Amino acid sequence: MKKPKFMIWIYRILFLPIMAVLMPYYAMRMIKRGGYGKDFSHRFGFLKNLPAPEKNKKRIWIQAVSVGEVEALSSMLKLLHEDGGFEVVVTTTTSTGYKILREKYAKYCYYVGIFPFDFWLSNALAWRRIKPDMCVQMEGELWPEHLHRAKSKKKPLLLLNARLSDRSFKRYSKAGFFARRIFNKFDAIACGSEFDAARFLKLGAKPEIVSSTGNIKFDASNSAPLSESERDALKSEMGFENDSLVLLGSSTWAGEEEMLLESLSEIRQKTGIDARLLLVPRHAERREEVRKLLQGGVLPFNFRTEKQNAPGGTLVYVADTTGELARLTQVADFAYAGKSMPPNDGGQSPLDCAAAGVAIVYGPNMTNFKKMCESLEEAKASIKVSDKENAKGALLKLAKDVALRKQIGLNALNWHHANSGASVRAFALIKKFSK
């Protein structure tokens, strides 16, 4: 018992000076992105002081760091809500995640808030106020203070949709003892894939707590399909014609918008096709950077936050909003996945495109979705390219070849259907540990 207490006290002592060093960086992010002022006191543990859980109900505290993890919870939150035996508290870390949580998923939750700093005092206060019977962390949420408190209070602790990026795996590999101590605090680690399960085992997680239940994001991306009339209405809202060919820039990062604008011009010039670009930057606060790029060209453009109904003849529609990607994807004929082209690295999820049956192109750096993309490629459900010129070539080919475009989209849709159902398995695991 002495060693764990010693370890946590080392962490507690180091936390404050490390935070002091990092605080200017986070302060700049707050100013740049905005929205961080909303319920900022939660970050110090001042969440709502909840009453004790109702008799015969279990209170689950789920932490999902950002928009992607919050959206991934959608199917499971509905299952927990329908069951009736749970009081679900969901916290998130980012301002955008909190906004989506409040607007879309609060109705399925007992309470929603912002995750506190992983400091001894703020975490202890949050625990006293939330009073959870079980803690669920999503994907890679490994906060030592929070995990330590769950174990010291003998509350079940689950890691769902668990995954380790290449970067995280390398980092934990260099600190094997620390990794083993962290991972083995969990009662169950339910991984999104066999590949991730193997990584946790290699880093020292106990085999009896590790399983592969599948990626719950497959279920979350099953948004209600648009009818043909709804799709046409949404295209009209963007200033596009019903028969316009729509190229989607899905969660793009710096440098990729320029490539997509060049690709759009090339498609229009070389084929005569009425191609339009639906641009969805990963971070809405980059709108001014994107605006400068568009103002330097000749293509008519419109920003969704300024005028939702764009004028006719708009060639580039910038959806600078949050939480709409799954719905907007359904108007696309083909797409490019952002953060996949150097110097960007990590990639953005291809799942919304697959769920909508949209043919997708991405660069060589989809490192956060390595096995998922390998599976897509094996199913002939995506196109991986090596650089920007090859990306433009692949998009031009898809624009011209209707049969190829539709076949890749159909392959992606079938691949997505074959991989769905992880939320039910994750829900069953929660039920098991709630008894």
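Of note:
Let's see how each residue does on (1) in contact with a Phe, Trp or Tyr (Cβ under 9 Å, 6 or more places away or on another chain); (2) closer than 22 Å to K397 by Cα:
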| site | (1), (2) |
| --- | --- |
| Q330 | no, yes |
| D333 | no, yes |
| G338 | yes, yes |
| M341 | yes, yes |
| G346 | yes, no |
| A354 | yes, yes |
| I360 | yes, yes |
| N365 | no, yes |
| C373 | yes, yes |
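- From the options L79, L157, L121, residue that is among the aliphatic types (A, V, I, L, M), outside the structural domain of G347 (by TED's automatic domain parsing) and surrounded by fewer than 18 Cβ atoms within 10 Å (Cβ to Cβ): L121
- Within the stretch 280-326, the set of residues being within 18 Å of the chain's Cα centre (by Cα) and either in a strand (DSSP E or B) or not charged (D, E, K, R) (or both) comprises V280, P281, H283, A284, A319, T321, T322, G323, L325, A326.
- Candidate set: the stretch 215-263, residues that are in a helix (DSSP H, G or I) and touching a Ser or Thr at 6+ places or on another chain (Cβ under 6 Å); chosen: the one surrounded by the most Cβ atoms within 10 Å (Cβ to Cβ): A220
- Among residues of the stretch 253-272 that are assigned by TED's automatic domain parsing to the domain that holds V385 and within 18 Å of D320 (Cα to Cα), those with a Cβ under 7 angstrom from a residue that is assigned to a helix (DSSP H, G or I) and among the β-branched types (V, I, T), sequence gap 6+ or separate chain, pair up as E257/V290.
Residues checked against (1) part of a loop (DSSP other than H, G, I, E, B); (2) touching a strand residue (DSSP E or B) at 6+ places or on another chain (Cβ under 8 Å); (3) within 19 Å of A326 (Cα to Cα):
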position	(1), (2), (3)
K78	no, no, yes
V90	no, yes, no
T96	no, no, yes
L101	no, yes, yes
K104	no, no, yes
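Condition check ((1) over 18 Å from S244 (Cβ atoms); (2) without any contact (Cβ under 8 Å) to a residue 40 or more places away in the chain; (3) outside the structural domain of A337 (by TED's automatic domain parsing)) across all residues:
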residue: L277; (1), (2), (3): no, no, no
residue: V280; (1), (2), (3): no, no, no
residue: H283; (1), (2), (3): yes, no, no
residue: R286; (1), (2), (3): yes, yes, no
residue: K292; (1), (2), (3): yes, yes, no
residue: Q295; (1), (2), (3): yes, yes, no
residue: F301; (1), (2), (3): no, yes, no
residue: G312; (1), (2), (3): no, no, no
residue: L315; (1), (2), (3): no, no, no
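- Single match in S375, S340, S382, S386 (criterion: surrounded by 23 or more Cβ atoms within 10 Å (Cβ to Cβ), over 22 Å from V290 (Cβ atoms) and of a type in the set (G, A, S)): S382
- Selected residue [in contact (Cβ under 8 Å) with a residue 12 or more places away in the chain and either within 19 Å of L47 (Cβ to Cβ) or surrounded by fewer than 22 Cβ atoms within 10 Å (Cβ to Cβ) (or both)] from S152, S165: S165
- Selected residue [aliphatic (A, V, I, L, M) and touching a strand residue (DSSP E or B) at 6+ places or on another chain (Cβ under 8 Å)] from L398, L413: L398
- Within the stretch 52-69, residues that are part of a helix (DSSP H, G or I) have Cβ atoms under 7 Å from residues that are of a type outside the set (V, I, T) in these pairs: V67/G97; V67/G323; G68/S349; E69/M138; E69/E139, counting only partners at least 6 apart in sequence or on another chain.
- The set of residues from the stretch 112-160 being assigned to a helix (DSSP H, G or I) and of a type in the set (A, V, I, L, M) comprises L121, A124, L125, A126, I130, L147, A150.
- Per this entry, R291 is counted among residues that are closer than 22 Å to Q348 by Cβ, surrounded by fewer than 18 Cβ atoms within 10 Å (Cβ to Cβ) and basic (K, R).
- Members of the stretch 102-123 found to be among the aliphatic types (A, V, I, L, M) and in contact (Cβ under 8 Å) with a residue 60 or more places away in the chain, listed by number: I114, L121
- Output for the stretch 205-254, where each listed residue is over 26 Å from V290 (Cα atoms) and hydroxyl-bearing (S, T, Y): S211, S212, T213, S221, S223, S227, S229
- Pick from the stretch 373-403, criterion more than 26 Å from the chain's Cα centre (by Cα), free of Cβ contacts under 8 Å to residues at least 24 places away in the same chain and part of a helix (DSSP H, G or I), ranking: farthest from A359 (Cα to Cα): E389
- The stretch 185-214, residues that are within 23 Å of K431 (Cβ to Cβ) and in a loop (DSSP other than H, G, I, E, B): K185, F186, D187, G192, S193, A205, K206, T213, G214
- Inter-residue pairs, beta-carbon under 6 Å, first acidic (D, E) and in the stretch 343-372, second surrounded by fewer than 24 Cβ atoms within 10 Å (Cβ to Cβ) and assigned to a loop (DSSP other than H, G, I, E, B), 6+ apart: D345/N365
- Restricting attention to the stretch 359-372 and to residues that are part of a helix (DSSP H, G or I) and out of contact with any strand residue (DSSP E or B) (no Cβ under 9 Å at 6 or more places or on another chain), the residue that is surrounded by the most Cβ atoms within 10 Å (Cβ to Cβ) turns out to be M372.
- When L328 is tested against the conditions (1) more than 26 Å from E103 (Cα to Cα); (2) surrounded by fewer than 24 Cβ atoms within 10 Å (Cβ to Cβ), the lone failure is (1).
The values are calculated or read from the model by the stated rules, or taken from the named source; none is laboratory data. Remember, it's a predicted structure, so these values are computed and weren't measured experimentally. Note that each Cβ is placed from the backbone with ideal geometry, even for glycine, and that neighbours are counted across all protein chains shown.
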